[in-house]
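Below is one structure, written out as structure tokens; comments come after it.
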Amino acid sequence: EHRRRTEGLASPSLALSLSIYLYLFAGDITQKGYEKKRSKLIRAYVPHAGAAAIKKCDFSAESNHLHVCFSFYALYLLLLSNMYVHICVCVCVCVYIYVCVCPPARLLTSVGMEGPMSHRAPLGPPSAARFHRRRTSGTRDERYRSDVHTEAVQAVLARHVERKVAVPMPSKRRSLVVQTSMDAYTPPGDETHTKTHTCSVFLSASPSALSICLLHRLPLPPENHSAPPDVTGYSSDSSHSHTERHHMANMGTIARNTQKYGNAERMETGDGVPVSSRVSAKIQQLVNTLKQPRRPPLREFFVDDFDELLEVQQPDPNQPRPEGAEMMPVRGEALGVVTNWPPSLEAALQRWGTISPKAPCLTSLDTAGKPLYVLTYGKLWSRSIKLAYNILHKLGSKQEPMVRPGDRVALVFPNNDPVAFMVAFYGCLLAEVVPVPIEVPLSRKDAGSQQIGFLLGSCGVTVALTSDACHKGLPKSATGEIPQFKGWPKLLWFVTESKHLSKPPRDWFPHIKDANNDTAYIEYKTCKDGSVLGVTVTRIALLTHCQALTQSCSYTEAETIVNVLDFKKDVGLWHGILTSVMNMMHVISVPYSLMKVNPLSWIQKVCQYKAKVACVKSRDMHWALVAHKDQKDINLSSLRMLLVADGSNPWSISSCDAFLNVFQTKGLRGEVICPCASSPEALTVAIRRPVEDSSQPPGRGVLSMQGLSYGVVRVDTEERLSVLTVQDVGTVTPGGLVCVVKPEGVPQLCQTDEIGELCVCSIATGTSYYGLTGMTKNTFEVYPVSSSGGLISEYAFVRTGLLGFIGPGGLVFITGKMDGLIMVSGRRHNADDIVATALAVEPMKFVYRGRIAVFSVTVLRDERIVVVAEQRPDSTEEDSFQWMSRVLQAIDSIHGVGVFCLALVPANTLPKTPLGGIHLSEIKQLYLEGGLHPCNVLMCPHTCVTNLPKPRQKQPEIGPASVMVGNLVSGKRIAQASGRDLGQTDDNDQFLFLSEVLQWRAQTTPDHVLYTLLSSRGAVSSSLTCLQLHKRAERVAALLMERGGLQEGDHVALVYPPGIDLIAAFYGCLYAGCVPITVRPPHPQNISTTLPTVKMIVEVSHSACVMTTAVICKLLRSKEATATVDIRNWPPVLDTDDLPKKKPPALYKPTNPDGLAYLDFSVSTTGMLAGVQMSHNAVGAFCRSVKLQCELYPSREVAICLDPYCGLGFVLWCLCSVYSGHQSILIPPVELESNPALWLLAVSQLRVRDTFCSYSVMELCTKGLGLQTEALKARGLDLSRVRACVVVAEERPRMSLTHSFSKLFKDLGLHPRSVSTAFGCRVNLAICLQVQTHTLTLHSGTSGPDPTTVYVDMRALRHDRVRLVERGSPHSLPLMESGKILPGVRIIIANPETKGPLGDSHLGEIWVHSAHNGSGYYSGYGEEVLQSDHFNSRLSFGDTQTVWARTGYLGFLRRTELTDANGERHDALFVVGALEEAMELRGMRYHPIDIETSVIRAHKSIMECAVFPWTNLLVVVVELEGSEQEALDLVPMVTKAVLEEHYLIVGVVVVTDIGVIPINSRGEKQRMHLRDGFLQDQLDPIYVAYNM
């Protein structure tokens, strides 16, 4: 095949060159991988090359050794990728020859479970040269890098290339990015973008996170991908162009921004994907992705009733288990007794200070690397004595000294002043006070220093020692005093420079004791959660530790040691401050500030001072590698020990190897590198000793990461994609006894091949956490037991916090730390391992090395991994997104675990520690609080959240064959209730028609005022008496008959603003025999959006004419209106400002009570527009029912602040006053926009007892008057006379809003019992209405109990079950009843699918039977079947004769213990939500308001939100109140909140500006309009995140 492909080429060399080019440069590979591939390709063409050098390989090593060869790893990846087969065929022969006959020069020497260690060939100059070429750019973090791991990651990513699926990047507004890549983004439409380009094994391009998750763990929907039927569409027939859903924003009472999207067209769906060209290509792309195969789907289980149990992670039957014998404790060599060792560290200082006062002790360097000060042992001794005297005698008074022996004293010194710190530390030891070294506080609110302040407070620290320079640099108040830092105790700051100290008397001398069990010092330790603990170290432990280090490291007098570590704690303190003094060593301290300027400075100091020992971290070795190319005179032959302080980090092995590769030519010997393992509690646990015999190389093992995740040691021999190479950290320190115990539970000994926590029994350890006896017992007083339960030692062990195992020969291997352990679904993952994988994905083009944080957060009762990194400012959005998606792929494949959230933040924004690292706990806290402000976020909950509750399988409901006994269904009471009977007791009850009632009132009480309209200033703008209304209605009727030429039964559209004219026009239509339809007028500022609604209602209602005012008539003929709709097709428009003077010849007298009185057109919350026919009989029954419920009489006054266009608002505005005779004070809600206090001031000044409003009005008053209650009280606002404030709505009662309103205005006299709710819907405009009394007399006033509030289990509600729980229970949902059932109304709860009656423990559809039910839809649906189903339904069994109307709302009935005035037990109706808006997800029913409530609580910057489903996605739209930079903070918070509280994975999070979510006049969200705007990309979002 290769020959055939290359025949057409000019020469074989050209074919070779082309093959090499294609193969080598098709993606990101390492230099090592490059050379391997190059040699293999050339060898295919030159088969005899290097034959003379072939030697036979010896494979006689024992089988238990961990021999692992990675030299042919690139070939292995090549074979995996199924590409370049022609090359692989040629290479395979050579591989066989090479493997069988070549010497194992590159075999990684490993430690087996038994037998001697293997040998490692010395690394020659070629390796160094190779590495030198690779390291010139310095773009990788060597601490976390190994070629093997990098190539493994690249191989994993190459596997994903063939599965590549085009998916949408997160959308971001241009204002959020400096350079956006969205302009160049092409949606998948043509074939060129959907093909998979596989030109390279290491192709850089990769699918985004959306495909990652879908390819792995996203549960598949059923085979039928059909989208749910779109019930919001409308017919395209021109004669019936009625839109069932229309935009109603900007018509309400709350001022909101102009919408960016208009009317929605019907979207036909096919196979779940909209075919409309107006649907966003990005959304289409998202749905296409949902069809991709995934692994593995969630298991489906039968769920009984409402129990939602999180799936318990089942143990993998194939998981590896430990098989070795029980390990035995390993003892270090005996601590030698040297005759000249001092009895204490102070005695050592005294000896060297007097015997060798001129000997250099410590040399500090400036930022240029030059010696700043050389501290001799004589100076250290004399200054320490001087400081000790001043501490004991110059603080406080002689009678009351501030510091006594044994007290704790803080040492606050910067990292560049080791001399002052050393003097202070030894001064404290001589004064027998306990030093507590801490970091310099960076600011008053620094989180790290705040935790340290808590430690100082618990230690009782009152004095802080510091240097003069540090004291001057601390933040100070205006008076020059150092302020008290947050969380810190009050401190006396004491400067330790000699010039500030008093000279001690000649006869004063510190008492030098032998080492005892007194506390020597307290070393602080920062825990995983950010808290700070103080580890106490006794004087005997201090001395013993120094002796053990001296013996392990073979320290001798006058040796020079270069220390790059922090000298205030850990290895830097133990070697550079303590052990060095014991052995009279000379320490060269290299500060962190110098390392930042000159990373090679420590190597230069080793060369300059011919240092024998250097104490570094792998980070310092990496920095030296980056900078060494400019140095030629480096000679490291003097080094006999290079102590790697973080050698216990498994990923430090790559830095050690790379450093040896490069500097071996500079005199560095391999046996010099000595990693050690240590912890604040156990001090030094193990250390590799420098050996003279270089033939004994260190032990290594290549372990399976899968085995490690289960806590088992398994040598990797096959996969090699997910491996961890570990190196030994030497043997146990002298005098110590080490064992490995299980990390959790009883400290039982592990088996030999099991990972556990190392525990140490030694004198040289910490003794306690200061002041924390409980934690001390768990850490410092551990008694390991064997498998038989017996103690292995009578002495206590100390937990080190290190995870690992003991290898052959007593070598200690560390695989991680307890603090870095992340337990996900029962498997252990190490944060450092995940960081290493992230860094291996690409060269560091997108993020900063060393600035990656990995931690876990608890979501849904399991740990989830979060990765946060700092993004380079020069990387584009698309590049960063690609990198993030590849990181998710790599982590999922290498570690077998999904990442919950990957966030990129701007450069230099992550909290830093004083030495430049990242503050992990603070980053985690910012993430949990939503304060990270990331610039890119990728959520992938589908891959990691696998313990969701089992999807519901619906059970068959009760059928006609069920046994019914009385009112019981399956043992439950049938959920039915009714209001009291309607009676005809008043004079007006004799009239069948409302027009007759008005004529009767005009005759009997002509001067009685029925209506009063208020202006925006609260003044009466107009009013109507009975006679005035009657005469005006007559003139309107005359206008209709003369100018309109209308006949009986013609429809008339009334387009009026809220006011008197609307009422007169309505009764004028009744007088003329016409059918009125009230229509909201178009908004002058938004004609293009609101005028089509007016035209649509006029057309759908078949109005013969339009009546309006002169102002609106002019508006309808304006240029803006003409440009929006064709005014020529409108019916005649009549101006009622100029009415005829004469009466009509005769008023129309209706004869049929079932005839049509008016049409009620409204838009539901789902966006459907329909007109309901209301008969004269229904109008009369309606008004009579409201009159009885509210006890309305002519002497009453009622304030109405509602829109008068539909529903109960129209009935209260126009009809009830005429029927009952009470005076209605009309307050247009639109006036509250300019004067929010208008409604409440009118209620107070007019002494109104009953008032009606909407939720939008209540919300406007709550938000607009929240800070003005005192001013309103001063203006005389008094609400104490209000007995009923009824909120009219077509939804579940908003408890939080009503409670906030009641609480806010309680001080103004409003009684909490006064606020209640009403509920109505299309088929019945008022089903419940509660009017309360707050008098103390039982049953006085209105006859109704208090509104009932219950708490139901939200999980049960999703399964259509009702289970009452206690307040505060988990998953409890408070529900308030929707009011008392109106007289003449019967209610039953029915199953919406089977139409059977339900018990009172079930959630079902509310069906209503009443005389004031609507008669049917007027061409709203145009289908008799649907019309009959809504207004004329019958139960499938039980009472099959009664005709019911279906409300379309889900709810339940609950019989309470309360009684009304008649002694009847009260049946409370609880409305849960609209059936059309309920979302069927995972077999359960969710209500949008519940999810929205959780989302709003998720973050303080969320102003409003709305949710809706689309196909099988849950879309959450949130309005951001705050800076756009906070937009991405909302994505993880929203996703987590919905997961935690509702067990749902959010598919899309859309962050928008305030005012984007459309709201109708009743304050109800128009979610379906929002959905249309989202699908058509008309929302102009700030950010769109696709959580796939």
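The values are calculated or read from the model by the stated rules, or taken from the named source; none is laboratory data. Computed from a predicted model, the values in this text were never measured in an experiment. For neighbour counting, all protein chains shown are included, and Cβ atoms are generated from backbone atoms with ideal geometry for every residue, glycine included. The accessibility values were calculated without ligands, DNA or RNA, using every heavy atom of the protein model including side chains. Shrake-Rupley method; radii C 1.70, N 1.55, O 1.52, S 1.80 Å.
Before moving on, here are some points about what is shown:
- All conditions in (1) part of a helix (DSSP H, G or I); (2) touching a Leu at 6+ places or on another chain (Cβ under 7 Å); (3) open to solvent by 30 Å² or more (accessible area, probe 1.4 Å) hold for residue 1016, with the sole exception of (1).
- The set of residues in region 328-376 being more than 27 Å from residue 606 (Cα to Cα), loosely packed, with under 14 Cβ neighbours inside 10 Å and within 51 Å of the chain's Cα centre (by Cα) consists of 328 alone.
- Condition check for residue 1063: open to solvent by 10 Å² or more (accessible area, probe 1.4 Å), closer than 24 Å to residue 1209 by Cα and either in contact with a Pro (Cβ under 9 Å, 6 or more places away or on another chain) or hydroxyl-bearing (Ser, Thr, Tyr) (or both): no
- Verdict on residue 1498 being under 19 Å from residue 1406 (Cβ atoms) and among the small types (Gly, Ala, Ser): no
- Residue in region 436-445 that is in a loop (DSSP other than H, G, I, E, B), open to solvent by 50 Å² or more (accessible area, probe 1.4 Å) and among the aliphatic types (A, V, I, L, M) present: yes
Residue by residue, here is whether (1) among the hydrophobic types (A, V, I, L, M, F, W, C); (2) outside any helix (DSSP H, G or I); (3) on the phi > 0 side of the Ramachandran plot; (4) open to solvent by 10 Å² or more (accessible area, probe 1.4 Å) holds:
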site	(1), (2), (3), (4)
1068	no, no, no, no
1092	no, no, no, yes
1104	yes, yes, no, yes
1123	yes, no, no, yes
1138	no, yes, no, yes
1159	yes, yes, no, no
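- When the residues of region 292-346 are filtered to those that are in contact with a strand residue (DSSP E or B) (Cβ under 7 Å, 6 or more places away or on another chain) and among the charged types (D, E, K, R), the one that is modelled with the lowest pLDDT is 305.
- Cβ-Cβ under 9 Å pairs, at least 6 apart or on other chains, region 475-493 side farther than 23 Å from residue 424 by Cβ, far side surrounded by 10 or more Cβ atoms within 10 Å (Cβ to Cβ) and acidic (Asp, Glu): 486/446
- Those residues of region 1518-1556 which are crowded, with 23+ Cβ neighbours inside 10 Å, hydrophobic (A, V, I, L, M, F, W, C) and touching a Gly at 6+ places or on another chain (Cβ under 9 Å), in sequence order: 1530, 1556
- A single entry from 1273, 1263 fulfils the requirement of being under 37 Å from the mean Cα position of the chain (by Cα) and open to solvent by 10 Å² or more (accessible area, probe 1.4 Å): 1263.
- Scanning region 867-907 for residues that are of a type in the set (Val, Ile, Thr) and over 21 Å from the mean Cα position of the chain (by Cα) yields 876, 894.
- Considering residues of region 341-361 that are small (Gly, Ala, Ser) and assigned to a helix (DSSP H, G or I) only, the residue nearest to residue 573 (Cα to Cα): 348
- The criterion of being outside any loop (DSSP other than H, G, I, E, B) and farther than 20 Å from residue 649 by Cα does not hold for residue 789.
- Counted residues, region 1411-1457 - those being part of a loop (DSSP other than H, G, I, E, B), modelled with pLDDT of 90 or more, out of contact with any Ser or Thr (no Cβ under 7 Å at 6 or more places or on another chain) and within 30 Å of residue 1348 (Cβ to Cβ): 6
- Residue count, region 586-639 (criterion: closer than 16 Å to residue 656 by Cβ, open to solvent by 20 Å² or more (accessible area, probe 1.4 Å) and assigned to a loop (DSSP other than H, G, I, E, B)): 1
- Selection of region 726-780 for residues being in contact (Cβ under 8 Å) with a residue 24 or more places away in the chain, outside any strand (DSSP E or B) and among the small types (Gly, Ala, Ser) yields 730, 735, 736, 762, 764, 766, 771.
- Residue ID - modelled with the lowest pLDDT, chosen from residues in region 1537-1567 that are among the hydroxyl-bearing types (Ser, Thr, Tyr) and out of contact with any strand residue (DSSP E or B) (no Cβ under 7 Å at 6 or more places or on another chain): 1561
- Scanning region 1368-1380 for residues that are open to solvent by 10 Å² or more (accessible area, probe 1.4 Å) and either in a strand (DSSP E or B) or among the basic types (Lys, Arg) (or both) yields 1372, 1373, 1374, 1376, 1380.
- Any chance residue 364 is part of a strand (DSSP E or B) and within 17 Å of residue 568 (Cβ to Cβ): yes
- Candidates 1497, 1485, filtered to the one that is more than 30 Å from residue 1322 (Cβ to Cβ) and open to solvent by 10 Å² or more (accessible area, probe 1.4 Å): 1497
- Residue among 1254, 1220, 1244, 1224 that alone is open to solvent by 10 Å² or more (accessible area, probe 1.4 Å) and small (Gly, Ala, Ser): 1244
- Per-region count, region 613-643, residues touching a Ser or Thr at 6+ places or on another chain (Cβ under 6 Å) and under 20 Å from residue 567 (Cα atoms): 2
- Pairs where the first residue, in region 1233-1255, is farther than 24 Å from residue 1186 by Cβ and the second is among the acidic types (Asp, Glu), C-beta under 8 Å, 6+ apart: 1238/1231; 1244/1278
- Condition check for residue 492: open to solvent by 50 Å² or more (accessible area, probe 1.4 Å), among the aliphatic types (A, V, I, L, M) and at pLDDT 90 or above: yes
- Candidate set from region 1381-1410 (those that are assigned to a loop (DSSP other than H, G, I, E, B) and among the charged types (D, E, K, R)); member that is least open to solvent (accessible area, probe 1.4 Å): 1400
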